[in-house]
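To start, the structure itself, in structure tokens.
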Amino acid sequence: MTYVPATTLNDSRSSGAIKLHGPQGFAGMRKAGQLSAACLDMIADYVKPGVTTQELDDRIYDFVLASGSIPATIFYRGYRHSSCISLNEVVCHGIPGERELKDGDILNIDVTSIVDGWHGDTSRMYIAGDPPLKARRLVDVTYEAMMRGIAQIKPGATTGDVGHAIQSFAEAHSYSVVRDFCGHGVGKVFHDAPNILHYGRPGAGLAFKEGMIFTVEPMINAGKFGVKLKNDGWTAVTKDRSLSAQFEHTVGVTATGVELFTASGTGRHKPPYA
Ligand code: MF3
Ligand code: CO
Ligand code: CO
């Protein structure tokens, strides 16, 4: 695997090499990450039974544009919305639409905004009304799994360390880790090298270096890890129709550890947000 300083190449292209970013990149990612996080803070007040997922997406569009940014997902590979909203058994890439939220629904809202070319990619789980205990438990374990994975990150640690921390915690709760989607390098490119798997063995995979920027975004299923794609070409659902949950942060590797670019500025890290 090759590592290259981000400034020595046209950094809006994905070359397959892993980009190592400097202070400018980190500053850009802080702005983009904070905007996306603020958008997820904002939307929490509107997630309730009766609202449609399209209404939520419209609010996200308005917020991101009013903040002087644009949603990266609009026109991304033919996608037409400002967010992905994934309900209950939807694993990821749920398309906003006329579906009304019902009491007890759990949903992931995933937003990527672009500021000065930098992409801040983050998602959180939300709960409409009063969910069954098993749904709340899945959401809590998924958040904790992501944070345990992120806590592994520092120069010299590996992608396998992150994957193992996530997988071992999820499986200890009898949940499973989705294999078909992974975290990714991000920066001026939305989806870049390397892939960040959410399962693995300690010490396996690629070693982190200072300056790497990527997402950690585990999808955890209450049942088995199998996923199937719906006919719309986007919506991924659990094969066994079990509930699925996901959180996502964009992070950067520092000299001694990790920086979260997409942390909530208002303490709205996980539900309940009230
Ligand atoms: N934000 C998603 C991710 O975490 C990607 C969404 S691409 C879309 O990587 F086209 F489905 F919106
Ligand atoms: Co992502
Ligand atoms: Co995302």
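When SER82, SER113, SER67, SER36 are checked against the criterion of being polar (S, T, N, Q) and out of contact with any helix residue (DSSP H, G or I) (no Cβ under 6 Å at 6 or more places or on another chain), a single residue qualifies: SER36.
Do we have any residue at all in the range 80-97 that's in contact (Cβ under 8 Å) with a residue 12 or more places away in the chain, among the β-branched types (Val, Ile, Thr), open to solvent by 30 Å² or more (accessible area, probe 1.4 Å) and assigned to a helix (DSSP H, G or I)?
no
Each residue in the range 194-226 was checked for being part of a strand (DSSP E or B) and either open to solvent by 20 Å² or more (accessible area, probe 1.4 Å) or modelled with pLDDT under 95 (or both), and 2 of them qualify. Entry remark, the range 48-79: residues being open to solvent by 40 Å² or more (accessible area, probe 1.4 Å), in contact with a Cys (Cβ under 9 Å, 6 or more places away or on another chain) and assigned to a loop (DSSP other than H, G, I, E, B) number 1 in total.
Within the range 228-257, the residues that satisfy the criterion of being assigned to a strand (DSSP E or B), buried (at least 16 other Cβ atoms within 10 Å of the Cβ) and more than 16 Å from ligand 2 (Cβ to nearest atom) are VAL237, THR238, VAL253.
With respect to the stated conditions, GLY185 fails to be more than 28 Å from THR73 (Cβ to Cβ) and open to solvent by less than 10 Å² (accessible area, probe 1.4 Å). Restricted to the range 98-143, and to residues there that are surrounded by 18 or more Cβ atoms within 10 Å (Cβ to Cβ) and in a loop (DSSP other than H, G, I, E, B), the residue that is modelled with the lowest pLDDT is PRO131. Across the range 65-122, the number of residues qualifying as over 30 Å from GLY223 (Cα atoms), more than 13 Å from ligand 2 (Cβ to nearest atom) and touching a Gly at 6+ places or on another chain (Cβ under 6 Å) comes to 2.
The values are calculated or read from the model by the stated rules, or taken from the named source; none is laboratory data. These numbers come from a predicted model, not from an experiment. Every residue, glycine among them, receives a Cβ derived from its backbone with ideal geometry; neighbour counts consider all protein chains shown. Note: areas computed on protein heavy atoms with side chains; ligands, DNA, RNA excluded. Shrake-Rupley method; radii C 1.70, N 1.55, O 1.52, S 1.80 Å.
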